[in-house]
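Worksheet: one structure, shown below.
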Amino acid sequence: MGILSSPWPWWVAGPLIGLTVPALLLLGNKAFGVSSSLRHVCAMLPTRLDYFRYDWRRVGGWNLAFSAGIVLGGVVAGVLLANPEPLQVAASTRLALAELGVSVDGGFAPDAWFSLAALASPRTWLLLIVGGFLIGFGARYAGGCTSGHAITGLANLQLPSLLAVLGFFAGGLLATHLLLPWFLGGGGA
Amino acid sequence: MRNAASMAVHPDDCRENPVMEEAAVTSWAAWLRYLLAGTVFGFIAIRSEIIAWYRIQEMFRFDAFHMYGVIGSAVLVAFVSLRVMRAAGATALDGSRIDYPVKEPGVSRYLLGGTAFGLGWGLVGACPGPILALIGAGMPAFLVVLLGALLGTLTYGALRRFLPHA
């Protein structure tokens, strides 16, 4: 298949993602960061919370347009130009996951939790809602996510972003090596 | 209509609460630019598979270089770009001065918030950009993750004055 539908190596994708930072600054003085859009969506809701009382159209309009674009990019790359080959996973990860009872099905994420059929199980909902909650809560508490801190913040040598990235990594290691095995062993049932 | 400028701006928000500093996006051309920039980003995110739960597992198990390579080279390219823009005195398309993104000083909010975020990232294997790209790629489970993320955002807004930020 052509370069538009086969996976890109890190040395192509990484630099292109890095260029998003200067691109958004040059386009309209905007700081690359995706999770702020979650706040702008909450600002549309009629809450009485100060944190959400601002003009989301004026402040967040660009970010919401950018976010809608990401969904659109997902449609183009993931549906219209979908890679027909199954996802390749490192042998050691495949083995470690097999021990936890997680299979590699060729898709982006295990069918056991991320397929439509999996949504019939309340435990799937628990995993997805709790995982999402931590992402939304953590991103606002830390004032940014992977794009805002790990890419934009680090590139502008922001010490707070380095701290946030250390947290991202510590949390990821905890989730991978403690929380996930616990959950898969029946924890939280 | 509410007057945005008179609304509360929290001192620890900085760019986080850009109420005071963001210029409104008014023209259709401008909206289209951001939509297109997002589309390109979403496309790259899918094609590089950084949105795959398994890639995140490989990263946190130190089994593959891919994610480190993507993030590392993205930071390097962004860093060099910002250096060049500063040196050249670059301005935005509309001629305005560029505000290089600065984060408010602090320690606890970044470590605690960052760890909470990392826990979620490790569990569902996707951060906010990838969640959106995966919804587009036709994985409805990530709509549930997005719902969870919005609930988390709302909860932070409700609890933030009780949380340590310094």
#### Entry: Rounded to the nearest 20 debye, dipole of the protein assembly as shown from Cβ charges on Lys, Arg, Asp, Glu
640 debye
### Query
Taking only C-alpha pairs under 8 Å that are 6+ residues apart, what is the relative contact order of chain A in percent?
24 percent
### Message
Could you check the spin-label model distance between A:A91 and A:V12? Points 7 Å from the Cα along Cα→Cβ, value in nm.
### Response
2.6 nm
### Query
What accessible area per residue comes out for the protein assembly as shown, rounded to a whole number of Å², with a 1.4 Å probe?
41 Å²
### Query
Restricting attention to the stretch A:16-79, which trypsin sites (Lys or Arg not before Pro) occupy a DSSP loop and are surrounded by at most 15 other Cβ atoms within 10 Å?
A:R48
### Message
Probe radius 1.4 Å, ligands and nucleic acids ignored: give me the carbon and sulfur share of the accessible area of the stretch A:1-85 as a rounded percent.
### Response
69 percent
### Query
Going toward the positive end of the dipole of chain A, with +1 on Lys and Arg Cβ and -1 on Asp and Glu Cβ, which of A:A91, A:V71, A:N156 do you reach last?
A:N156
### In the stretch A:89-189, the chymotrypsin sites (Phe, Trp or Tyr not before Pro) that fall in loop regions by DSSP, at most 11 other Cβ within 10 Å
none
### Query
When only Cα pairs under 8 Å and 6 or more residues apart are kept, what is the percent relative contact order across the stretch A:1-85?
34 percent
### Summary
Among residues of the stretch A:19-45, a drop of 30 Å² or more in 1.4 Å probe accessible area, assembly relative to the chain on its own, occurs for A:P22, A:L25, A:L26, A:L27, A:N29, A:K30, A:A31, A:V34, A:L38, A:R39, A:C42
### Query
Could you give the nm distance between label points at A:L119 and B:L163, where each point is 7 Å from its Cα heading toward the beta carbon?
2.8 nm
### Message
What would the Debye equation give as log₁₀ I(q)/I(0) for the stretch B:21-107 at q = 0.13, 0.18, 0.23, 0.26 Å⁻¹, counting only Cα atoms as equal point scatterers?
### Response
-0.70, -1.09, -1.18, -1.22
### Task
Please give, to one decimal in nm, the separation of the simple spin-label points placed at A:W182 and A:L100, each 7 Å out from Cα toward the Cβ.
1.3 nm
### Query
Quick one: Cα centre-to-centre distance for the stretch B:71-115 and the stretch A:143-185, in angstrom?
18 Å
### Message
Checking an interface number: how much accessible area is buried between A and B, summed over both chains, with a 1.4 Å probe, in Å² rounded to 100?
### Response
11500 Å²
### Summary
Within the under-10-Å Cβ sphere about A:T93, not counting A:T93, Lys/Arg +1 and Asp/Glu -1 give a net charge of +1
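The values are calculated or read from the model by the stated rules, or taken from the named source; none is laboratory data. Note that the structure is predicted; figures quoted are calculated from it, not measured. Note: ideal-geometry Cβ built from the backbone for every residue, glycine included; neighbour counts use all protein chains shown. With ligands, DNA and RNA removed, areas are computed over all heavy atoms of the protein, side chains included. Shrake-Rupley method; radii C 1.70, N 1.55, O 1.52, S 1.80 Å.
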